[in-house]
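To keep things clear, I will list the structure first and then write my remarks on it.
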Amino acid sequence: MPKSKYNIALPPGYGPPVKAVKTPSPREQLAYGKYLADIGHCMECHTPRDGKGMLQMASVGAGGQVFKGPWGQSISRNLTPHETGLKGWSDAQIAKAVREGVNREGKPYHPPMAFGFYKNIKDADMAALIAYLRSLKPQATAGARS
């Protein structure tokens, strides 16, 4: 069988295809937490996009993307340690939100949050992910007024 070919034009700045990603040591908690956020695609939804659909990395984790579906409309929450984000959240509350898809009051999040895929994250991996989120630059939710 011949090798698959994909003739899809990538937007400028996308760079060459990634051939391999080195896994950081779990002992490097922040690097490992960022790695987990990257492979979990957290920032694909929790970082605002520009008019061309490109992630605005100066606002990584600030949330604000709008998702419409049969559930209505959901807006990705801010994952930075800002007042409009996770500043007042305990580690247990963040872990519960990721694993169970509920906010601090127990209200369920709407799709596309993929909590069903994250429900079995090991405690050490969750701690690394939370440490990474807490290391993000605090900033207001994208589009929100402070």
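The values are calculated or read from the model by the stated rules, or taken from the named source; none is laboratory data. Note that the structure is predicted; figures quoted are calculated from it, not measured. Cβ placement follows ideal geometry from the backbone for every residue including glycine, while neighbour counts extend to all protein chains displayed.
Among the numbered conditions (1) surrounded by 13 or more Cβ atoms within 10 Å (Cβ to Cβ); (2) among the charged types (D, E, K, R); (3) under 29 Å from TYR14 (Cβ atoms); (4) free of Cβ contacts under 8 Å to residues at least 40 places away in the same chain, the only one that ASP125 does not meet is (4). Is segment 74-83 home to any residue that is among the acidic types (Asp, Glu) and in a helix (DSSP H, G or I)? Checking segment 74-83: not a single residue is among the acidic types (Asp, Glu) and in a helix (DSSP H, G or I).
Among the residues of segment 50-68, those that are in contact with a His (Cβ under 9 Å, 6 or more places away or on another chain) and either free of Cβ contacts under 8 Å to residues at least 24 places away in the same chain or of a type outside the set (Phe, Trp, Tyr) (or both) comprise VAL60, GLY61, ALA62, GLY63, GLY64, GLN65.
Listed here are the residues, each with its yes/no results for (1) at pLDDT 95 or above; (2) under 21 Å from GLU44 (Cβ atoms).
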{"residue": "GLN73", "(1), (2)": "no, yes"}
{"residue": "ARG77", "(1), (2)": "no, yes"}
{"residue": "PRO81", "(1), (2)": "yes, yes"}
{"residue": "ASP91", "(1), (2)": "yes, no"}
{"residue": "TYR109", "(1), (2)": "no, yes"}
{"residue": "PRO112", "(1), (2)": "no, yes"}
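The residue pairs whose first member lies in segment 15-41 and is in a loop (DSSP other than H, G, I, E, B), whose second member is surrounded by 10 or more Cβ atoms within 10 Å (Cβ to Cβ) and aromatic (Phe, Trp, Tyr), and whose beta carbons are closer than 6 Å, counting only pairs six or more residues apart or on different chains, are PRO24/TYR32; PRO24/TYR35; PRO26/TYR32. Screening HIS110 with (1) under 16 Å from LYS34 (Cα atoms); (2) in contact with a Ser or Thr (Cβ under 7 Å, 6 or more places away or on another chain) gives one miss only, at (1). Report, by residue number, each residue of segment 2-50 that is of a type in the set (Asp, Glu) and either in contact with a strand residue (DSSP E or B) (Cβ under 8 Å, 6 or more places away or on another chain) or exposed (fewer than 13 other Cβ atoms within 10 Å of the Cβ) (or both). GLU28, GLU44, ASP50, listed by residue number. Of all residues in segment 16-70, those being farther than 18 Å from ILE121 by Cβ and of a type in the set (A, V, I, L, M) number 10. Checking each residue in segment 84-113 for being in a strand (DSSP E or B) and exposed (fewer than 14 other Cβ atoms within 10 Å of the Cβ) picks out only PRO108.
Filtering GLY72, GLY116 for residues that are touching a His at 6+ places or on another chain (Cβ under 8 Å), in contact (Cβ under 8 Å) with a residue 12 or more places away in the chain and surrounded by fewer than 14 Cβ atoms within 10 Å (Cβ to Cβ) leaves a single hit, GLY72.
For the structure I just gave you, tell me whether GLY101 is on the phi > 0 side of the Ramachandran plot, among the small types (Gly, Ala, Ser) and touching a strand residue (DSSP E or B) at 6+ places or on another chain (Cβ under 7 Å). For GLY101, the condition - on the phi > 0 side of the Ramachandran plot, among the small types (Gly, Ala, Ser) and touching a strand residue (DSSP E or B) at 6+ places or on another chain (Cβ under 7 Å) - is met.
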